[in-house]
Structure formats: structure tokens, C-alpha cells
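Worksheet: one structure, shown below.
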Amino acid sequence: MGRLFATVSGKGGVGKSTVCCMLARALSQNARVLLVDLDRGLGSLDIMLGVSDKIVFDLSDMLSLKKSEDEVIQHIDNIDLIPAPTGEIDFKALREYLFKAAERYEFVLVDFPAGLNTAAVSQMPRFCEFLLIVCPNAISCRAAASFADMLVGGDMCEPRLIINRFNYKTLKHSKTATKNLDDIVNESRVRLLGIVSEDKNVELLYKGGFPKQKSPAYRCINKIAARLCFEDVPLTALKKL
Ligand SMILES: Nc1ncnc2c1ncn2[C@@H]1O[C@H](COP(=O)(O)OP(=O)(O)OP(=O)(O)O)[C@@H](O)[C@H]1O
Ligand SMILES: [Mg+2]
């Protein structure tokens, strides 16, 4: 049985899709990965994976049985992408589909839209592991805490925190960096999984490219992917991020 992850945030624009796309790339180096874009009408994974001009059908077509999986899925190396729905989603049908997909793929990653999305969350299979993405600011941490409360209330798996767009110099000038990192984890009330650097190379994703293995953000993502695969990878010293 494969693993199922969902990138979520509460607050929009914190980097859910960026992290989801790069994690899929990292995990697909050794495994088959299915990516599901859940951001109705605002999907971005097709652009980030360079297949936007090939999309004809999408998740809503597949779940409503108007189109088959083969007609909907885009293949990008070891990644299969189900493009974002343009119409209503039947969340019960999505839930059934995800159960079956987890039997065929080693990793299934679902990229959520911004917001609390209680309807979608409540229909996710119980084995779904939520990756809560935050930026280092109080508003996104508060939104993450609300999301985490909802997951606990809904009896879902304990979420893990990914701090995105981390910039040591910026934080250093507010208080101390360590204090700020503690603040972020405390305010989000979620266990830390990893930190992703602020990195202008991620803009390549919007230009049909992909950050190099050695780019700061992708190095962080590779570490997070390894941790998700139960490898013991220590946190990088904050100054080096
Ligand atoms: N680590 C990073 N370094 C620099 N820029 C980043 C980083 N992560 C994300 N960004 C930028 O932040 C913006 C928002 O990213 P993204 O679309 O992934 O967020 P999102 O949470 O999926 O947004 P939405 O809530 O609208 O779905 C993009 O311009 C992206 O390039
Ligand atoms: Mg997004």
C-alpha cells in the first residue's frame, strides 16, 4: 500500500503547490508518484510540470465518469498528474479513487486549494498524511493552527509542519532566528518536518523549468522527502539555509 500526502495551509499563497510539485519530483526519483491537483479552476501543477498546453480533461471529468483515467492523466517522467478540476468534485468519489490509487502508486500527493476545506478534508482517507505549509509570519501560522485543530477534531492523522520561504537574514533582524523558529512551531502547534529556503530558483517552475538539484530550495525538499521515507536526516543549521 502506498502513502498518501496532502499539502494544505489555510492561508493562501504560502507555497503548497511549489512544495507539492518539488516533493513529487524528489520522490519520483525512486518511485511512481501520482499528483492530484485539487485547486478548482486555479490549478498550477500542470504549468509547473510543463504540460499545461496538453490538458484537455481533468479530475472532475474523471470522478463524474465522463472520461477515463487514461484520458485524464498526464505522464511526466515517473509522475502521473491529474489536472485540477474545472467543475464540481464529488468528494466521496475522490475518496474511493484515492484508496485504489494508493494500491498502484508508491506515493499519492494531493495539492489542496487555500482555505479550511472541511468538506474535502473530511472525505480524505484516514491514512492521509497532511503536510501543513506555513511561511514565517504570524498570519500563516494562525491559519495553520486552525487547520491543525480541524484535523484533530476530525480524527485525522497528526499533521506535520513545513516552513517554506525561510530566510535566516530576514528573521535575524526581527529577533533571534532560533526564537523565531520556535515561535513558528509554537504558534502553528504542529510538529516540524522540515524547512524550505526562500529561493528565487523556484520561479523556474512558472517558466517550464525546474530548480537544479543543488538549488537551496530543492536541497531542502530532498531532505524532507528522505524524512518522509523514514530516513534520519538532521535539520540543516539555520545559517546555512
Ligand atoms: N521557497 C520559495 N522561495 C521563493 N519563492 C517561493 C517559494 N515557495 C513558493 N514561492 C513563490 O510563492 C508564490 C506562491 O506559491 P504557490 O503557488 O506554490 O503557493 P500556494 O500555497 O500553492 O498558493 P494557493 O493558495 O494560491 O494555491 C509563487 O510565486 C512561488 O514561486
Ligand atoms: Mg496552490
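Bear in mind these aren't lab numbers, they're just calculated from the coordinates by the rules spelled out. These numbers come from a predicted model, not from an experiment. Quick reminder, even Gly has a Cβ in these numbers, built from the backbone with ideal geometry, and neighbours come from all protein chains shown.
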Qualifying GluC sites (Glu not before Pro) for the range 1-96 [loop in DSSP, other Cβ within 10 Å: at most 14] | Glu88
Positive-end residue of Gly13, Ile139, Ser60, charge dipole of the range 3-232 with Cβ unit charges = Ile139
Under the Debye formula (equal points on every Cα, no solvent term), log10 I(q)/I(0) of the chain at q = 0.09 Å⁻¹ = -0.35
Leading residue at positive end of dipole, the chain (Cβ point charges), from Phe107, Asn167, Asn201 = Asn167
Between their Cα atoms, which of Lys100/Lys212; Lys67/Lys92; Lys207/Lys239; Lys16/Lys239; Lys169/Lys212; Lys200/Lys240 are more than 26 Å away from each other?
-> Lys100/Lys212; Lys207/Lys239
Stretch in the chain that is longest and holds no chymotrypsin sites (Phe, Trp or Tyr not before Pro) that DSSP places in a loop and that have at most 14 other beta carbons within 10 Å = 1-126
Span-like helices, the chain: DSSP H, alpha-carbon axial extent 15 Å or more, mean Kyte-Doolittle 0.0 or greater, which ones?
-> 16-27, 138-153, 216-228
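What does the charge dipole of the chain about its Cα centre add up to, to the nearest 20 debye, if the Cβ of each Lys and Arg holds +1 and the Cβ of each Asp and Glu holds -1?
The dipole magnitude comes to about 1180 debye.
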